[in-house]
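**Student:** Okay, here's the structure, questions in a sec.
The values are calculated or read from the model by the stated rules, or taken from the named source; none is laboratory data. This one's a predicted model, so the numbers in the text were calculated from it and none came from an experiment. Here the Cβ positions follow ideal geometry from the backbone for every residue, glycine too, while neighbour counts run over all protein chains shown. Just so you know, the surface numbers come from the protein's heavy atoms only, side chains and all, with ligands and any DNA or RNA stripped out. Shrake-Rupley method; radii C 1.70, N 1.55, O 1.52, S 1.80 Å.
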Amino acid sequence: MITKIALRQKPISGNRQTLYLDFYPAILHPETGRETRRQFLNLYLNNEIEIEDQRYLDANGKEQKRLVPVLDKKGEPKKIKLNHADKQHNSETLKLAEQIRQNWDRQLNGNQALNSLEKRLLEKDNKDREQAERSFLDYYKQLADKRKSSNYDNWISAYKYLEIFANGNLKFADINERFCENFKEYLLSTKSNKSNKVNLSQNSVVSYFNKFKATLKQAYKDGLLSYDLNSKIKQVPLEETRRNFLTIEELNKLIHTECQSPLIKQAALFSALTGLRFSDIQKLVWSELEFIKGNGYFIKFTQKKTKGVEMMPISDQAYRLLGMRKELNENVFEGLEYSAFQNKHLYQWLGAAGITKDITFHCFRHTFATLQLSLGTDIYTVSKLLGHRELKTTQIYSKVIDPIKRAAVDKIQLDYSIGNKI
């Protein structure tokens, strides 16, 4: 008896169709030995018709779920406009599925030997199917682990959002342009894991989505994606952030204002005098402070964020702020911790000094950069002092000093009431 084999499609979630072979009559599966009518191929098409979940009650009154087409105003199935990449993917996938169907037909009905070309096609099919079934999440995690010395925490944060979006299961077969765009929209609208009350900031979305795109790029290089999907996905635009800073006058007010946490006061003023981040101040030890005759004091350290090794000069005033020198392996700012309790002391200190700006600890680093530029230090030198890898990162501060320049020129006011008027 001849077994009829048809290639069929079934709608699944994510607006996709899964492909399977339909056997009539049923066959004994060569791997399981059980009678079956269907063999799913683990191949998927991008749907041309929008699909949605519909819930209904079955004969027993239990709620069930099925996928049905979304209808437009005319009652017709709502079509999805596929781009070139989606159409190319569908075409190649259908060709591959048909080759598999023909191979089954030969084995069940003709028992014909495969020629060399057909064997190569079958081997390629098996390899492609194995790659399609490989976990994208596992692959991403492997890439993240290689970056433990650089931006590891950021990679893992991005991974957690991807894992949640994919419900903990994401194969390479699931990755297409539509999935990428949906993930982007998810990041732009989801709540922050740190605070379920606010959305992720735009710049956090930029950072996390860039990690996802970097994984796509590497997967293409490794031959796990058939085309450069990363190049077809647009980045999330970076949002300019307002960088608050303090003036010299405000810093002087803070010097003469008591703080409930002297350690916070000392660390904040040190940041304003050096441009160091909180994380670098927190881990600073006395052995990293060095005096070179004729050149002054230096800090030799590795930046926690960028892992860049720095030999940064600091002023005598900044060094004197540190007090009595201790053992080489001791922390300069012993006991400094980032917490809501310490932040409370910071805000109270600012308020006592009459400063109403929204100032965080990081704003003292902004203050250093802004004051340096406003006092005439060239942007290249400021970039090096801040430890920036790229000059464009420092250029953000050049916009901040524009109002400072305006305030400076407005300070010159002539008294036209005396003598001749123009």
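**Student:** Does region 50-64 contain at least one residue that is within 19 Å of ASP86 (Cβ to Cβ) and either exposed (fewer than 12 other Cβ atoms within 10 Å of the Cβ) or not acidic (Asp, Glu) (or both)?
**Tutor:** yes
**Student:** Return the residues of region 153-182 that are more than 15 Å from GLN218 (Cα to Cα) and under 11 Å from the mean Cα position of the chain (by Cα); say none if nothing qualifies.
**Tutor:** If the condition is that a residue be more than 15 Å from GLN218 (Cα to Cα) and under 11 Å from the mean Cα position of the chain (by Cα), then ASP153, ASN154, ILE156, SER157, ALA158, TYR159, LYS160, TYR161, LEU162 are the ones that fit.
**Student:** Give me the residue from region 246-285 that is among the basic types (Lys, Arg) and within 31 Å of the chain's Cα centre (by Cα) and, out of that set, surrounded by the fewest Cβ atoms within 10 Å (Cβ to Cβ).
**Tutor:** First pass over region 246-285, keeping only residues among the basic types (Lys, Arg): 253, 265, 277, 283.
Keeping just the survivors that are within 31 Å of the chain's Cα centre (by Cα) gives 277, 283.
On the way: ARG277: 19, LYS283: 15.
Taking the candidates together, the pick is LYS283.
**Student:** If the Cβ limit is 9 Å and pairs must be 6+ apart or interchain, which residue in region 70-95 that is surrounded by 10 or more Cβ atoms within 10 Å (Cβ to Cβ) pairs with which residue that is of a type in the set (Gly, Ala, Ser) and assigned to a loop (DSSP other than H, G, I, E, B)?
**Tutor:** HIS89/SER226; GLU92/SER226
**Student:** Does TYR220 satisfy the condition of being in a helix (DSSP H, G or I) and surrounded by 11 or more Cβ atoms within 10 Å (Cβ to Cβ)? Before you say what the answer is, go through the steps one by one.
**Tutor:** On the way: in a helix (DSSP H, G or I): yes; surrounded by 11 or more Cβ atoms within 10 Å (Cβ to Cβ): yes.
Yes; evaluated as a whole, the condition is true for this residue.
**Student:** Return the residues of region 314-341 that are at pLDDT 90 or above and either among the hydroxyl-bearing types (Ser, Thr, Tyr) or over 21 Å from LEU263 (Cβ atoms) (or both); say none if nothing qualifies.
**Tutor:** Within region 314-341, SER315, ASP316, TYR319 meet the criteria.
**Student:** OK, next. For region 189-208, which residues satisfy the criterion of being surrounded by 13 or more Cβ atoms within 10 Å (Cβ to Cβ), more than 11 Å from the chain's Cα centre (by Cα) and not in a loop (DSSP other than H, G, I, E, B)?
**Tutor:** Passing the criteria: only ASN199.
**Student:** Oh, and also: Only residues that are in contact (Cβ under 8 Å) with a residue 24 or more places away in the chain and of a type in the set (Val, Ile, Thr): list them for region 9-57, please.
**Tutor:** Residues satisfying the conditions are ILE12, THR18, ILE27, ILE49, ILE51.
**Student:** Looking at region 338-359 only, could you name the residues that are in a loop (DSSP other than H, G, I, E, B), under 18 Å from ALA267 (Cα atoms) and free of Cβ contacts under 8 Å to residues at least 40 places away in the same chain?
**Tutor:** Answer for region 338-359, where residues must be in a loop (DSSP other than H, G, I, E, B), under 18 Å from ALA267 (Cα atoms) and free of Cβ contacts under 8 Å to residues at least 40 places away in the same chain: just SER339.
**Student:** Inspect region 226-239 for any residue being touching a Phe, Trp or Tyr at 6+ places or on another chain (Cβ under 6 Å), open to solvent by 40 Å² or more (accessible area, probe 1.4 Å) and among the acidic types (Asp, Glu) and give the result as yes or no.
**Tutor:** Step one: list which residues in region 226-239 are touching a Phe, Trp or Tyr at 6+ places or on another chain (Cβ under 6 Å), which gives 228, 236.
After this cut, where a residue has to be open to solvent by 40 Å² or more (accessible area, probe 1.4 Å) as well, the list is 228.
Next, from what is left, pick out any that are among the acidic types (Asp, Glu): 228.
Yes, some residue in region 226-239 is touching a Phe, Trp or Tyr at 6+ places or on another chain (Cβ under 6 Å), open to solvent by 40 Å² or more (accessible area, probe 1.4 Å) and among the acidic types (Asp, Glu).
**Student:** Related question: Which ones in region 35-80 are assigned to a loop (DSSP other than H, G, I, E, B) and closer than 22 Å to GLU133 by Cβ?
**Tutor:** Going through region 35-80, the residues assigned to a loop (DSSP other than H, G, I, E, B) turn out to be 47-48, 50, 58-62, 70, 72-76, 78, 80.
Across region 35-80, the qualifying residue is only ASN47.
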